[in-house]
């Protein structure tokens, strides 16, 4: 099955565009250009590039994610989680990691800051349609995180981001999918390992 794309998409979801670009970067950086060319061929996307400032049809990111899943022979949920992890751990995307680390000095502080991210993203990109993020602290160091979006893959992307950030903060956590389509997070040891270096000031080039 092929996914038809408009040659110059002008309307639709900005969030789809960002996820499509993230998916492109992940596949190219991890599996190489041949696999990405195969994905684009199946998606009938000859330019082989998704532009983050364009708008694509709502739900297109999910459909291309399904194609990536078939090409790589891996569950689509695992693909999206890996995209989230890649966004945080890839040195070329250190700006994303730094933005997330501004959420607080501890991993729990970071979790509480997640509800503020969509509003901050809208300030930077007014046309973006970020997911609604809801965090419930259901017990001591026990959390339930929900992301409401038209994009199915966004919840798994966030799960990958949260997992990578737990490692960044040096926290030992159990992170899983729970009932009602939520992410369950249990912080077992907030200082299990040394947190990765982080300074408020940008590193000198």
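Taking the stated definitions as given, is residue 147 crowded, with 20+ Cβ neighbours inside 10 Å, in contact with a helix residue (DSSP H, G or I) (Cβ under 6 Å, 6 or more places away or on another chain) and modelled with pLDDT under 95?
yes
Here is a check on your reading of the model: is residue 189 farther than 19 Å from residue 83 by Cα, in contact with a helix residue (DSSP H, G or I) (Cβ under 8 Å, 6 or more places away or on another chain) and at pLDDT below 95?
Criteria not met by residue 189.
Output the residues belonging to the stretch 174-197 that are within 17 Å of the chain's Cα centre (by Cα) and in a loop (DSSP other than H, G, I, E, B).
The one that is within 17 Å of the chain's Cα centre (by Cα) and in a loop (DSSP other than H, G, I, E, B): 182.
Would you please name the residue that is nearest to residue 174 (Cα to Cα), looking only at residues in the stretch 106-137 that are touching a strand residue (DSSP E or B) at 6+ places or on another chain (Cβ under 9 Å) and loosely packed, with under 13 Cβ neighbours inside 10 Å?
Of everything passing the filter in the stretch 106-137, 136 is nearest to residue 174 (Cα to Cα).
In the stretch 111-142, what residues are assigned to a strand (DSSP E or B) and over 17 Å from residue 96 (Cβ atoms)? Let's see the steps before the verdict.
Within the stretch 111-142, the first condition is being assigned to a strand (DSSP E or B), and the residues that meet it are 132-139, 142.
Passing the criteria: 132, 134, 135, 136, 137, 138, 139, 142.
Give the residue, chosen from 156, 146, that is within 16 Å of the chain's Cα centre (by Cα), closer than 16 Å to residue 178 by Cα and not in a strand (DSSP E or B).
Being within 16 Å of the chain's Cα centre (by Cα), closer than 16 Å to residue 178 by Cα and not in a strand (DSSP E or B) holds for just one of 156, 146, which is 156.
Here are 195, 164: which of them is modelled with pLDDT of 85 or more, closer than 14 Å to residue 98 by Cα and surrounded by 13 or more Cβ atoms within 10 Å (Cβ to Cβ)?
Values: 195 fails: modelled with pLDDT of 85 or more.
The unique qualifying residue is 164.
The values are calculated or read from the model by the stated rules, or taken from the named source; none is laboratory data. Predicted model, so just to flag it, every value in this text is computed and none were measured. Here Cβ is always computed from backbone atoms with ideal geometry, including for glycine, and neighbour counts include all displayed protein chains.
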